[in-house]
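First comes the structure, then the notes that go with it.
The values are calculated or read from the model by the stated rules, or taken from the named source; none is laboratory data. Not measured: the values here are computed from a predicted model. When we count neighbours, we look across all protein chains shown, and the Cβ atoms used for this are built from the backbone with ideal geometry, even at glycine. Side chains are part of the model used for accessible areas, which takes the heavy atoms of the whole protein and leaves out ligands, DNA and RNA. Shrake-Rupley method; radii C 1.70, N 1.55, O 1.52, S 1.80 Å.
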Amino acid sequence: MATTTSAKLDALKLRADFAVFDELTNGKPVAYLDSASSTQKPKQVLDAMREFYEHSYANVHRGVYTLAERATEGYEGAREKVRAFINAPSNREVIFTRSATEALNLIAYSWGLENLGPGDVVVITELEHHANFVPWQFMAKKTGAQFAHIPIDDLGELQLDSLDRIAALGNVKVVANNLVSNTLGTINPVEKLAEWAHAQGAIMVVDAAQAAPHRRIDVQALGCDFLAFSSHKICGPSGVGALWGKRELLEEMQPFNLGGEMIRSVALERTSWNELPYKFEAGTPAIAEAFGFGQAIDYVSSVGLEAIEAHEHELVVQTMDRLAEIPGIRVFGPPADRRTGIVSFEVADVHPHDVAQILNWEGVAVRAGHHCTQPLMTRLGVAATTRASFYLYTVPDDVVRLIAGLQKVKDTFGV
Ligand code: C6P
């Protein structure tokens, strides 16, 4: 594995860290083009987790014995790695959750229930993942607030000239947007939206699930109030994610889950809450998984976020150039320089599930479906797309195999 941040990464060399690339699936090596859904895990992360489970495992924050202290150190050490990774001012502001989804629900419930009401406006976008759409839609309904969206243009980019119209609807209280769209790869102007949100007296919630693994994140530079992402999309284990929030907001919020660990004292008459971040971490957390999350952050940081971004950009250019040469293929979303390593497309007259099935026979793994973005599918006028997505271990040959597989799809269907 690379140990220094370099301008260019060597994906072929990095693949040695991932056992799956040495194996044959259905007689073929896998061209894994579904990293936006979840990434493969390097042996450095898996070995470290195994070592942790074998030699440093106990519950956290509860025991005074050595194993418990080691476990707590591993868990809290991971919190510090997450903090540094997103340049958060304090690790009290970093909360471990089960996932980005749980982090976004936490904000919608704990902040939304207390702060939204009739006359208020909740603003999301037309390209939100359901995880940052449904909780806000639900909370708007529950509190009587309006639910408004920022539309996109035909390239899948936000139409910011709609903001004045939205501001006229009422009291804008929250703006929730993904930094990178999981379906189109669009890089969204979150800094601008955060400025606008604050000018309205609103908070800015950033879903960074598809951004944090691929671009350097700095919550202070983004100017947001909350940011969420998951470990499993960044070479870490599933079952753990992170929520960052501004301390003053987190301090004011009610807890999301109730039970052990999140309390200061409990009596028959009254219960009081623990300090941050524990107020939001009820019960036994995903201890070794949080530790593994920290190890994954070390892994991708050692490769370098700039190198990952540049590598994926080259793959996107290669893919979009090749797809443009194939008649009957329509690529969705913006040009390569305004997207990350995600390419969604359709093959005329072939259902995306059939495309994915035939690609699978060729050993090419892609996702087909609505990608948990049904409002976006409606805007694009399709029920589903086929999506190829890249990461630090993707090589140009994977794209060559995707293109060859698509030719097979066209031959099979005679289109
Ligand atoms: N997107 C995809 O294939 P979880 O599942 O909680 O780790 O992440 C949810 C989520 C939130 N926001 C965005 C932008 C996402 O892309 C995702 C997960 C996967 O696109 C699975 S649906």
Open item on the list: Just to verify a result, which residue in the range 346-369, among those that are touching a residue at least 60 places away in the same chain (Cβ under 8 Å) and within 13 Å of the ligand (Cβ to nearest atom), is most open to solvent (accessible area, probe 1.4 Å)?
Closed with: 367
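Per-residue answers, yes or no, for (1) touching a strand residue (DSSP E or B) at 6+ places or on another chain (Cβ under 7 Å); (2) surrounded by fewer than 24 Cβ atoms within 10 Å (Cβ to Cβ); (3) basic (Lys, Arg):
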| position | (1), (2), (3) |
| --- | --- |
| 176 | yes, no, no |
| 183 | yes, no, no |
| 201 | no, yes, no |
| 208 | yes, no, no |
| 221 | no, yes, no |
| 225 | yes, no, no |
| 237 | no, yes, no |
| 264 | yes, yes, yes |
| 278 | no, yes, no |
Open item on the list: Could you check the range 370-415 and list, in sequence order, the residues that are within 16 Å of the ligand (Cβ to nearest atom), hydrophobic (A, V, I, L, M, F, W, C) and in a helix (DSSP H, G or I)?
Closed with: 376, 377, 380
Task: Per-region count, the range 115-126, residues assigned to a loop (DSSP other than H, G, I, E, B) and closer than 19 Å to residue 208 by Cα - done: 1
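Being in the same structural domain as residue 71 (by TED's automatic domain parsing), out of contact with any helix residue (DSSP H, G or I) (no Cβ under 6 Å at 6 or more places or on another chain) and within 16 Å of the ligand (Cβ to nearest atom) is true for just one of 208, 197, 296. Which residue is that?
None of the other options fit; the residue is 208.
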- [ ] Run down 124, 95, 107, 86 and say which single residue is in the same structural domain as residue 219 (by TED's automatic domain parsing), more than 22 Å from residue 274 (Cβ to Cβ), open to solvent by less than 10 Å² (accessible area, probe 1.4 Å) and touching a residue at least 60 places away in the same chain (Cβ under 8 Å).
- [x] 86
Open item on the list: Checking residue 35 against (1) touching a Pro at 6+ places or on another chain (Cβ under 9 Å); (2) open to solvent by less than 30 Å² (accessible area, probe 1.4 Å); (3) outside the structural domain of residue 388 (by TED's automatic domain parsing): exactly one of these is not met. Which one?
Closed with: (3)
Open item on the list: Of the conditions (1) part of a strand (DSSP E or B); (2) open to solvent by less than 60 Å² (accessible area, probe 1.4 Å); (3) within 16 Å of the ligand (Cβ to nearest atom), residue 102 satisfies every one except a single condition; which number is it?
Closed with: (1)
TODO: Being in the same structural domain as residue 263 (by TED's automatic domain parsing), open to solvent by less than 10 Å² (accessible area, probe 1.4 Å) and within 16 Å of the ligand (Cβ to nearest atom) narrows it down to one of 112, 156, so name that one.
DONE: 156
- [ ] Could you check how many residues of the range 313-356 are more than 21 Å from residue 127 (Cα to Cα) and among the charged types (D, E, K, R)?
- [x] 6
Task: Single match in 69, 76, 54 (criterion: at pLDDT 95 or above, over 19 Å from the mean Cα position of the chain (by Cα) and exposed (fewer than 14 other Cβ atoms within 10 Å of the Cβ)) - done: 54
Open item on the list: What pairs come out if I take residues in the range 222-247 that are under 19 Å from residue 278 (Cα atoms) and not assigned by TED's automatic domain parsing to the domain that holds residue 279 and pair them with residues that are open to solvent by 10 Å² or more (accessible area, probe 1.4 Å) and within 11 Å of the ligand (Cβ to nearest atom) whose C-beta lies under 6 Å away, six or more apart or interchain?
Closed with: none
Open item on the list: Please list, ordered by residue number, the helices (runs of 4 or more DSSP H) wholly in the range 127-214 having 1 or more residues that are closer than 22 Å to residue 37 by Cβ and of a type in the set (Val, Ile, Thr).
Closed with: 134-143
